[in-house]
Every structure is written in C-alpha cells, then in structure tokens.
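Below: one structure, written as structure tokens.
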Amino acid sequence: MEDNARHNFEKLIKDLESDVARGDVQAMKWLGDVYYQGDDKHASNLSLALKYWKMAADHGDTLSQGKVGISYLNGNGLPKDEKLGLKYIELAANAGEIYPQFLTGMCYLNGVGCAKNRYNAGKYLRMAASNNHVEAQVALGKAMYTHDVPDPNNECVHWMCCAFTNKSNEAREILEFWRRRGLDDQTIVDCFQNIKENGVALKKEYTNEDTNASEGCYIATAVYGSYDAPEVMVLRKFRDGVLKKSVFGRMFIKFYYKFSPSIANKLKYKKKINLLVKRILNVYVKFLLKKGRVNYTS
C-alpha cells in the first residue's frame, strides 16, 4: 500500500510536470500546491512549491501572485524583498484577491516596499474592507480617524461599525474609546442602521481624485458634509484664487493645513458646535459672494 501511495504521488508529480512543460498555468499552480502539501510519505517542500507558484504568478495566476508576494515580504522560502513582494501582492489585489488587498493597503500605509502613500493605502484597504475583510475594516477606520488615510466622506465610524458587526473585539474597544472622546451615540446608531439596510457598501466610490481634492478643505467639508457642497466650493476658490497669491495668504494656508484635520475630526461628531461653525462660515461665504471675490460658477 505504501508503494502504491508513493507511486501515485510520483505519478501525479510527473503528470503535472508534463503539463507545466506545455505551458499549463493551472498545472504550475497545482504542482506548487502538491509540493507544499506533500503527503504521508513526502514532506512539504516550500522551495519547490514557490518555484512553481512563481511560474504561475508570472503567467498571471492571482492566487499564486499573492502567495509569492507574501513569501517575498516575509523572506519565507524566498529571499526577503519587500519591493518585489509588494509588486506581486498588488497584482493579486488589483485582480480582486481580498487578503492581498489588505496587505497592499498596509504596505502603503507603513511604507513597506515603497514610500508611504496615504491615498494608495486608503484605496486598497477600502477594497478589502468593502469585501468584508474585518482586519481591513479596523485598520481603515483607525487610519481614517487619525488622518493617516483620507476620509473624504467621514467613513471612519462606518468601517469600525462594520468590523464590530463582524464581531471584532478590537472594533468594540475602539468605538468605546471614541465615545469617550466625544463621538455622538446617534452617529453610531445611524451607522449600524445603514449597515443593516445596505451592508458594508457605500454609495460613493473611493477615488484618488476625491481624496486629493479634500485636502485643503477639512473643516468646511466636515461642516457641510461634502467636498462638493456649494459653500465649500466658494471657500476653495477663495483659497486658490486669492489666498495663494499673497505671502500672508500662503502662511495662513500652511497654518490651516497643520491644525485643521484634528479640528475637523472633532467637528464630525459635535452636532451643536458643527451647526455654530456652519453659521459662521455661511456669513463669510455670503460676504465673499457679495464682494464678488468668488462665485459658485467661477
């Protein structure tokens, strides 16, 4: 019986090697799987598994791209090469593999194999979070809350509530911490209600253009609830058309960029203060329009 098992294993290897020689990508992946799994008489062989997974990865197999990328990132079975590892997992991520989406987002968030890129971090973490990956939901919520990732639609609470719904203890602790820091209970209730009705998906898709655009209008965007609100457009045009043209204006913009994210983050959950700030900004917007400094269509 042992001889039969050995014969069957070796025959499977031989057959798959023959298919690999003919360029069969599935056979490359399967041969890697066979070497990795082994059997009762053949130990797992990660080195040979990665040899064939890499073949499959280089021929476009997304599962193999993820495996090879992780091995390069960790130096497990392949020489550690974070840049090459990111290349492979990003290919898998763009092809729809969920765990590589999470890993790619974390690489861009922490600068692993690349320079830190908050927009790419948000893009890939959001992909994985939208596919209901709990770790990605927690990581995205935390990164949005601390502005390490852009939060153009005030989504941080949404993603943390999604993770809570998926029974994440970390998400539960973080939401409780945010509540102690001033997060309004009604905001949490509204998020849970939205998740119950619509699931994890959000109507507005994430784009780099949206996140780049939101950079200069933190407080106004938080107050009016949208980067495309007419009042926000007026303030943005005043910034670009007037403030940026003077030394003192540029100094003010620099100061604003430094301190406004943390202020905006607090305004999102303070309804009474939010309303007061909105009234003040409304007066200023009307003043700008009356003086002809900017208009809604300029």
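Just so you know, all these numbers are worked out from the coordinates, no wet-lab data involved. Just so you know, these numbers come straight off a predicted model, no measurement behind them. So basically every Cβ, Gly included, is an ideal-geometry build from the backbone, and we count neighbours across all protein chains shown.
Quick one: order Lys80, Lys54, Lys87, Lys29 by neighbouring beta-carbon count within 10 Å, fewest to most.
Listing Lys80, Lys54, Lys87, Lys29 from fewest to most nearby Cβ atoms yields Lys80, Lys87, Lys54, Lys29.
By how many nm would the segment from Leu276 to Ala43 grow when fully extended, if each residue of separation counts as 0.36 nm and the alpha-carbon distance is taken off?
In short, 77.0 nm is gained.
P(r) tail for the range 2-198, what percent of Cα pairs lie past 28 Å?
Summing the P(r) tail past 28 Å for the range 2-198 gives 42 percent.
Taking θ = phi - 60°, what integer Hz values does the Karplus form 6.51 cos²θ - 1.76 cosθ + 1.60 yield along the range 8-16, in sequence order, with x for Gly and Pro?
5, 5, 5, 5, 4, 4, 4, 5, 5
Where does the range 72-119 land on the Kirkwood hydrodynamic radius, alpha-carbon pairs, in angstrom?
10.5 Å
Where in the range 14-55 are there chymotrypsin sites (Phe, Trp or Tyr not before Pro) that are in a DSSP coil and have at most 10 other Cβ atoms within 10 angstrom of their Cβ?
Of the chymotrypsin sites (Phe, Trp or Tyr not before Pro), not one in the loops of the range 14-55 has a Cβ with at most 10 other Cβ atoms within 10 Å.
Of the listed pairs Lys14/Lys80; Lys14/Lys41; Lys244/Lys290; Lys244/Lys278, which have alpha-carbon separations greater than 26 Å here?
From Lys14/Lys80; Lys14/Lys41; Lys244/Lys290; Lys244/Lys278, over 26 Å: Lys14/Lys80.
Between Lys14 and Gln26, what is the spin-label point distance in nm, taking each point 7 Å from the Cα along the Cα→C-beta axis?
Rounded to a tenth, the inter-label distance reads 2.3 nm.
For the range 52-68, in order, what is each residue's ³J(HN,Hα) by Karplus, 6.51 cos²θ - 1.76 cosθ + 1.60 with θ = phi - 60°, in whole Hz (x at glycine and Pro)?
Values per residue, Gly and Pro as x: 7, 4, 5, 4, 5, 4, 6, 9, x, 6, 6, 4, 5, 4, x, 5, 5 Hz.
In which sequence would Thr165, Thr104, Thr146 go, from the one with the fewest C-beta neighbours within 10 Å to the one with the most?
Listing Thr165, Thr104, Thr146 from fewest to most nearby Cβ atoms yields Thr146, Thr165, Thr104.
Between Phe177 and Ala201, what is the spin-label point distance in nm, taking each point 7 Å from the Cα along the Cα→C-beta axis?
Label-label distance for Phe177 and Ala201, simple model: 3.2 nm.
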